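Worksheet: the structure to be examined is printed underneath.
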Amino acid sequence: MSDIQTKASELLRLHHTGETLVLPTVWDAWSARAAADAGFLGLSIGSHPLADSRGQQDGEGMTLDDALDGISRICASVDLPVTADVESGYGTPAAELVERVLEAGAVGINVEDTVHGEGGRVREVAEHADYIGALRQAADAAGVELVINARTDALVHGTEKFADPLAEAITRMQACEQAGARSLYPVRLPDAAALRGMLDALSTPLNVTAHPVDGSMSGSFEELKAAGVQRITFGPLLQMALGDPMAQLLRPWAP
C-alpha cells in the first residue's frame, strides 16, 4: 500500500506544478512501456482503447473484471503513476470500486455521468456528485490520495438533453469539484471560448482530450498550455492515430 500511496501523492502533485501535465492514453503493457520510455511522468488508461485491444466494446462492453485485468497488467509493466478510466463505475458501489482499482495498481480514476449499463441514461447532477463524493470518502479512508477525474458528457449529449449544454457542464463540474474530485473532465469542449468559460468557473485542474498531432477542438497544445489547462489526455485518439502509419508500414508486404 505504501507504493500506491506514494504514486497517488505523486500523481496529485503533478497536477499542481504550474506546468501542463500530459498523461498519454495507453491500452496495454507495450503502449505503456513505449510512453514511459518516451519520458512521460504518468499515464492514463482509456476505456475505449483498452476495450479495442481486447476485442470488446467501449460503453461498459467490458465487465469490471475485464477492465481491471487490463489495468493491472498495464500498472505492473511500468514504474509510473497510472490513472484508469472506469466508465461510469460498472454499477459498482464506491467503496468496492476504490478497493479494487487500488488493488489493480491504479492511483487515479476517470468516472463519467453516462450510465451505459442502464441504457445510457445520464445521472442527475447531485447523483453523480454523490458518487464522486463517495469515491473520495472511500479513498480517504484507505489513506490514498486517489486522483478522481470527474467527467461529464453534457456537451456530448448536447441540446438533445440539455437546453444549454455548456452551462449544464459547468454546473456538473462545480458539483463534482465540491464533492472532492481532483480533476474535472467536460468532454468535447467545442472551442476556445467554451474552454475559457470552463476554466473561469472552476478552480480544480481541468482535463482536455487532444489528438497527438491535431490538438483539440479548443486549441493546439501550445494554446491549451497558454490558456492554463493543467491536464491533457488522448482518449482513443493516440491509438487511432497509429492506424495509418501501421498500414503504410505493412502495405508493401500485403498480397
Checklist line | Three-way shape call for the chain based on the alpha-carbon gyration tensor, with the a/c threshold at 1.5 | finding: rounded
Next item on the list: Heavy atoms only, probe 1.4 angstrom, no DNA, RNA or ligands counted: give me E145, E160 ranked by accessible area, highest first.
Entry: E160, E145
Check: Roughly what would the spin-label model give for T6 and E160, points 7 Å off Cα along C-beta, in nm?
Finding: 4.7 nm
Item checked: Net dipole in debye of the range 1-118 [+1 Lys, Arg Cβ; -1 Asp, Glu Cβ; about Cα centre; nearest 20] -> 420 debye
Next item on the list: Read phi for every residue in the range 202-215 and hand back ³J(HN,Hα) as whole Hz from Karplus 6.51 cos²θ - 1.76 cosθ + 1.60, θ = phi - 60°, with x for Gly and Pro.
Entry: 10, 10, 7, x, 9, 9, 10, 8, 10, 8, x, 10, 8, x
Next item on the list: Please report, in cubic angstrom per residue, the volume enclosed by the convex hull of the alpha-carbon atoms of the range 160-255.
Entry: 127 Å³
Notebook entry, point to check: With a sphere of radius 11 Å drawn around the Cβ of T233, what net charge do the other residues whose Cβ falls strictly inside it have (Lys, Arg +1; Asp, Glu -1)?
Noted result: +1
Check: In whole percent, what relative contact order does the chain give with Cα contacts below 8 Å and a gap of six or more residues?
Finding: 19 percent
Checklist line | Modelled label reach - A38, point 7 Å along Cα→Cβ, the range 77-105 residues with backbone N closer than 19 Å | finding: 77-85
Note to self: Could you compute how fast the range 57-159 diffuses translationally, taking Rh as the Kirkwood radius over C-alpha pairs and applying Stokes-Einstein at 10 °C with viscosity 1.306 mPa s? Give it in µm² per second.
What the structure shows: 114 µm²/s
Check: Given a cut-off of 21 Å, what percent of all Cα-Cα pairs of the range 1-90 lie beyond it?
Finding: 31 percent
Margin query: Suppose accessible area is computed on protein heavy atoms with a 1.4 Å probe; arrange F162, F221 from highest to lowest.
Written below: F221, F162
Next item on the list: Taking all pairs of distinct Cα atoms, average 1/r, flip it, and tell me the Kirkwood hydrodynamic radius of the range 129-213 in Å to one decimal place.
Entry: 13.4 Å
Notebook entry, point to check: Comparing G59, G70, G243, which has the greatest mean-square fluctuation in the GNM of the chain with Cα pairs linked when under 10 Å apart?
Noted result: G243
Item checked: Label-point separation in nm, A167 to E127, each point 7 Å along Cα→Cβ -> 2.2 nm
Next item on the list: List, largest first, the extents of the alpha carbons of the range 199-255 along their principal axes, each in whole Å.
Entry: 56, 16, 13
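Within the accessible area of the chain, what % is carbon and sulfur when the probe is 1.4 Å and the other protein chains stay in place?
Ligands and nucleic acids excluded, carbon and sulfur give 52 percent.
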Check: On average, how much accessible surface per residue is there in the range 1-148, in Å², for a 1.4 Å probe, leaving out ligands, DNA and RNA?
Finding: 40 Å²
Check: Is it possible to state the helix-based mean residue ellipticity at 222 nm for the chain, with each DSSP H run of 4+ residues giving -39500 (n - 2.57), the sum divided by total residues, to the nearest 500 deg cm²/dmol? What is it?
Finding: -14000 deg cm²/dmol
Checklist line | Inter-centroid distance (Cα atoms) of the range 207-255 relative to the range 1-51, Å | finding: 16 Å
Next item on the list: For T209, list long-range residues whose amide hydrogen, built 1.01 Å from N in the peptide plane, is under 5 Å from its own amide hydrogen.
Entry: R188, T233
Notebook entry, point to check: For the range 79-113 and the range 118-169, what is the separation of their Cα centres, given in Å?
Noted result: 14 Å
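The values are calculated or read from the model by the stated rules, or taken from the named source; none is laboratory data. Predicted model, so just to flag it, every value in this text is computed and none were measured. Every residue, glycine among them, receives a Cβ derived from its backbone with ideal geometry; neighbour counts consider all protein chains shown. Heads up: the accessible areas ignore ligands, DNA and RNA and are worked out on the full protein's heavy atoms, side chains in. Shrake-Rupley method; radii C 1.70, N 1.55, O 1.52, S 1.80 Å.
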